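Only one structure is covered here, and it is reproduced in the block below.
The values are calculated or read from the model by the stated rules, or taken from the named source; none is laboratory data. Predicted, not measured: the structure shown is a model, and the values here were computed from it. Note: ideal-geometry Cβ built from the backbone for every residue, glycine included; neighbour counts use all protein chains shown. The protein model used for the area step is the full one, side chains on, heavy atoms only, and it has no ligands, DNA or RNA in it. Shrake-Rupley method; radii C 1.70, N 1.55, O 1.52, S 1.80 Å.
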Amino acid sequence: MTKTVQELADLLGGVVRGNGNHVVNGLAPLEAATADKITFLANPKYAAKVADTGAGAVLMAAGGESYGRNVIEVANPYLAFAKLLTLFYVQPHPVLGVAPEASVAPGAKLGTAVSIYPGAIIADGVTIGDRCVIHPGVVLYQGVTVGDDTVIHANAVVRERCRIGKRCVLQPGVVIGSDGFGYAPDGSGYYPIPQIGIVVLEDDVEVGANSCIDRAALEVTRVGRGTKLDNLVQLAHNCQIGEDCMIVSQVGISGSTKIGNHVTLAGQVGVAGHLSIGDNVMVGAQSGVPGSLAANAGYSGTPALPHKQWLKSMAVVAHLPELKKNVSALEKRIAELEAKLGSQ
Amino acid sequence: MTKTVQELADLLGGVVRGNGNHVVNGLAPLEAATADKITFLANPKYAAKVADTGAGAVLMAAGGESYGRNVIEVANPYLAFAKLLTLFYVQPHPVLGVAPEASVAPGAKLGTAVSIYPGAIIADGVTIGDRCVIHPGVVLYQGVTVGDDTVIHANAVVRERCRIGKRCVLQPGVVIGSDGFGYAPDGSGYYPIPQIGIVVLEDDVEVGANSCIDRAALEVTRVGRGTKLDNLVQLAHNCQIGEDCMIVSQVGISGSTKIGNHVTLAGQVGVAGHLSIGDNVMVGAQSGVPGSLAANAGYSGTPALPHKQWLKSMAVVAHLPELKKNVSALEKRIAELEAKLGSQ
Amino acid sequence: MTKTVQELADLLGGVVRGNGNHVVNGLAPLEAATADKITFLANPKYAAKVADTGAGAVLMAAGGESYGRNVIEVANPYLAFAKLLTLFYVQPHPVLGVAPEASVAPGAKLGTAVSIYPGAIIADGVTIGDRCVIHPGVVLYQGVTVGDDTVIHANAVVRERCRIGKRCVLQPGVVIGSDGFGYAPDGSGYYPIPQIGIVVLEDDVEVGANSCIDRAALEVTRVGRGTKLDNLVQLAHNCQIGEDCMIVSQVGISGSTKIGNHVTLAGQVGVAGHLSIGDNVMVGAQSGVPGSLAANAGYSGTPALPHKQWLKSMAVVAHLPELKKNVSALEKRIAELEAKLGSQ
């Protein structure tokens, strides 16, 4: 595929400075790009590198120094770069239909232009939207629904009656709708509480490899539109996750916790159950959250503190032995003073 | 399904106050229940809500105020609620036999009334008990045994010779019997030590989605009767887990550690290898356990401390910068005192 | 299988003391071994047990007291034990060929003496080396290459174009080549950045059950020769892991981090992105690594400190409430001194 700089600018809603007729066929980093490639400057810190790039064109924010290069000015060069990556390198999945080695129950409803790979198992009562891609070994239990343009990668499992939105992506090994961890103590052991609810993933949700989302005990475990989960994440039963959240790898969220919109939980964070986390909260990696968190703030540590307070406490922790020694030294000096004064 | 209040009381071993002939057809929460539903009061804190519920009957502990409602007095209302959930909402799995799209080796022995779904792979020498349900994509390696009434969900794997008890549940993606992480340093790299032992899950064990239990190096990794594991848990080789334990999501237990009975490990806890954890221990979320723990106590933190001690230490950690400032102020005041006294 | 002590010594490059013609048929621990078994003494602490063992021979380091037993002196008794375990108990996998219930695309290239189990799904353009074993439910996407003598266990997934070296082992449920967690904020939500790179596992890499290694955004996520990953490990996109590393269970390494050779990360460690960890570093369990770490040292804690410093700080943390009390007591004594002096 080749495109002129002007064509790309039109596509991105950008403005050309320089030669709009220059032709490129792909992307490359600033340092490695040749004349047939377009590159991008996301970080103004590296603006001087534009002078030396061999690229045929540069994506940059408005007003940057072009050093005589062909430039497309865009509001968000990083986003524009991502969009051109898609344009140049991502081919639409071919429509494969239903492989003869797939097992599709007679009662399943399939949309148009689907691709169902060998070894996929689709139970009765499943509904799959248009243009979905269901990879090998995927198992969809009875009554599952999958929205249009969703991709489910190999060996992912969606248990009975759960609902996956449009344009979702489940990476390999994802488990949706496993039983919540709910048991009633019966004196000696534990009686399993039936988990009869479901999981709902709204549109544009993506779930990383081998992540697990438990079905609700009675109602719905919900992940809001646009939220992205990384690999090996655990969402317990009845969680309510807002829209456009970023839940990084190995995070665990306990049962019935409610997370707002635009929340970021960094890697390995743990959140206790029955809490409420406000909108736009950011929680630092490995933090443990034992209580609800107010919106629009950052937190870190176990138990989690406001981020700056945690940084200051940790700086002291690293030097606690000195602090202890200082206190002992003070004690000695005071004892000497007391002795002196007592003897006066 | 409909039941009279008296029928339910008989089933639960409870005592009716009010109209035992009243008929209900399901359960609902206190606030939402209508006359055809039974509800439950597990927490005496909410006793006043009984006055306002529209429910046809209420499960509660003996001696509670009935506000004129039909009541079933039971010893454990939460357990009774769980049992009625099962009664009203859980249907026994239909007996499907062996799907033609399953792959069952000729030497496998299947009990009566089993359900083997399409895409399940059962190797030679496997023994499966009566009424087991083996979901799509499950792989049972050679020589595995599965006890009666056990359910293995989609894409779970049990490697060679491991033994699963009766009434066990493996959620999707569980791995039982993977090789333990054992290597002998050979000077430059690592020589893999053959892991020739097995895993034994005793009766009534449940394992959460994508959890992993490694086979022993030589003998047995064992999970005791009634113990429940949540999702994404890691049990290393040669672990011995007692009975009726609760191992919450993302816990990791290192090799050869022995855990007593009725132990609770909260989410993301890590336990080092070759330790002994006593009966009835509770370890708080995200704690790291570097040494053995005495029975009948609670612990938290990394490294784990007795729970109350940890709480007190963490309260100070949150205010360490002030403590440090206080010490500096004291130092100054002492220096002044010393100067004064020196000059006298 | 039976072997003389001399035959075993020749195999191990060891030296016989005692009767080289004595015949053994397997291994057993010091305490349990009988005359037809060989045992080993890895830890000199237990040397006295050699006097009491019933074993027919003992592997030990040169110069140990033999107590009249037949002995094979070897440089590394633990390694020798591991090698004899392999000799006596590990049978080469029989060559099964391609099961009729496997799905192998016509364009896939298979080496000689492979075993492809029922339910394995091999896409077009896949290349599989000689003597590989591909277990049930494994999914190899288009263009994957697998080196000679590699074993891929049930339900593992390798996504498009990733390359697995020789003599690698993937435990069940492993995911190689899932999309990296990369999104460009677009003002309200997140635009997925195409992840068009791959994963390369070099020779002799082993990956534990349900671990995940994300494909690079543009180039290669690489795991160096001989490195071993335990279960439920997360490697994010663009990580570069050196040779002969030990990455223990539930470790998470963020994107673009570079790890040297012979690095050990203990269980549940988290490492931030874009860092560099030097050769021979050891990081203690559950540590959180926010910055690069110099080579040849040990670190612990969150945020990670040099190991000894962390130990000292944690010893103080456990007694912070006393420290705080001490400071308050000093404050009082100083106030009294000040009052006294002021009144003079």
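A few comments on the model shown:
- Any hit, the stretch C:144-158, residues being open to solvent by 30 Å² or more (accessible area, probe 1.4 Å), of a type in the set (A, V, I, L, M) and at pLDDT 95 or above: yes
Conditions (1) at pLDDT 95 or above; (2) over 20 Å from C:Leu330 (Cα atoms); (3) of a type in the set (A, V, I, L, M, F, W, C), marked per residue:
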| position | (1), (2), (3) |
| --- | --- |
| A:Gly260 | yes, yes, no |
| A:Val281 | yes, yes, yes |
| A:Gly284 | yes, yes, no |
| A:Pro290 | yes, yes, no |
| A:Ala295 | yes, yes, yes |
| A:Gly298 | yes, yes, no |
| A:Ala318 | no, yes, yes |
| A:Glu336 | no, no, no |
| A:Ala339 | no, no, yes |
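- Residues that are within 11 Å of chain B (Cβ to nearest Cβ) and open to solvent by less than 10 Å² (accessible area, probe 1.4 Å), drawn from the stretch C:206-227: C:Val207, C:Gly208, C:Ala209, C:Asn210, C:Ser211, C:Cys212, C:Gly224, C:Gly226, C:Thr227
- Extreme residue, nearest to C:Gly255 (Cα to Cα), among residues of the stretch C:174-187 that are facing another protein chain (nearest Cβ under 7 Å) and open to solvent by 10 Å² or more (accessible area, probe 1.4 Å): C:Phe181
- Scope the stretch B:159-173; condition open to solvent by less than 40 Å² (accessible area, probe 1.4 Å) and among the basic types (Lys, Arg); matching residues: B:Arg159
- Test: residue in the stretch B:54-75 that is open to solvent by 50 Å² or more (accessible area, probe 1.4 Å) and outside any loop (DSSP other than H, G, I, E, B): no
- Residue list for the stretch C:14-35, restricted to those being open to solvent by 50 Å² or more (accessible area, probe 1.4 Å), part of a loop (DSSP other than H, G, I, E, B) and within 17 Å of C:Ala51 (Cα to Cα): C:Gly18, C:Asn19, C:Pro29, C:Glu31, C:Ala32, C:Thr34, C:Ala35
- Cross-chain or 6+ apart pairs with Cβ under 6 Å, the stretch B:309-331 first and more than 9 Å from chain C (Cβ to nearest Cβ), then not in a helix (DSSP H, G or I): B:Ala318/A:Leu305
- With respect to (1) in contact with a Pro (Cβ under 9 Å, 6 or more places away or on another chain); (2) on the phi < 0 side of the Ramachandran plot; (3) crowded, with 18+ Cβ neighbours inside 10 Å, the lone exception for B:Gly137 is condition (2).
- Odd one out for B:Ser103 among (1) within 26 Å of the chain's Cα centre (by Cα); (2) within 30 Å of A:Asp124 (Cα to Cα); (3) among the polar types (S, T, N, Q): (1)
- Hey, B:Val126 among the β-branched types (Val, Ile, Thr) and either closer than 18 Å to B:Gly173 by Cα or modelled with pLDDT of 95 or more (or both) or not: yes
- Of all the listed residues (B:Asn25, B:Asn21), the sole one being modelled with pLDDT of 95 or more and either more than 23 Å from A:Gly197 (Cα to Cα) or within 29 Å of the chain's Cα centre (by Cα) (or both) is B:Asn21.
Residue by residue, here is whether (1) under 17 Å from C:Leu27 (Cβ atoms); (2) within 9 Å of chain B (Cβ to nearest Cβ) holds:
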residue: C:Asp52; (1), (2): no, no
residue: C:Gly64; (1), (2): no, no
residue: C:Arg69; (1), (2): yes, no
residue: C:Ile72; (1), (2): yes, no
residue: C:Pro77; (1), (2): yes, no
residue: C:Phe81; (1), (2): yes, yes
residue: C:Leu87; (1), (2): yes, no
residue: C:Pro94; (1), (2): no, no
residue: C:Ala99; (1), (2): no, yes
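- When the strands (runs of 3 or more DSSP E) confined to the stretch C:174-218 are screened for residues that are over 22 Å from the mean Cα position of the chain (by Cα), those reaching at least 2 such residues are found at C:183-185, C:190-192.
- Residue in the stretch A:115-132 that is farthest from the other protein chains (Cβ to nearest Cβ), counting only those that are open to solvent by 10 Å² or more (accessible area, probe 1.4 Å) and of a type outside the set (Gly, Ala, Ser): A:Asp130
- A Cβ distance below 7 Å, combined with a sequence gap of six or more or placement on separate chains, defines the contacts here; from the stretch A:216-230, residues that are aromatic (Phe, Trp, Tyr) reach no residue that is at pLDDT 95 or above.
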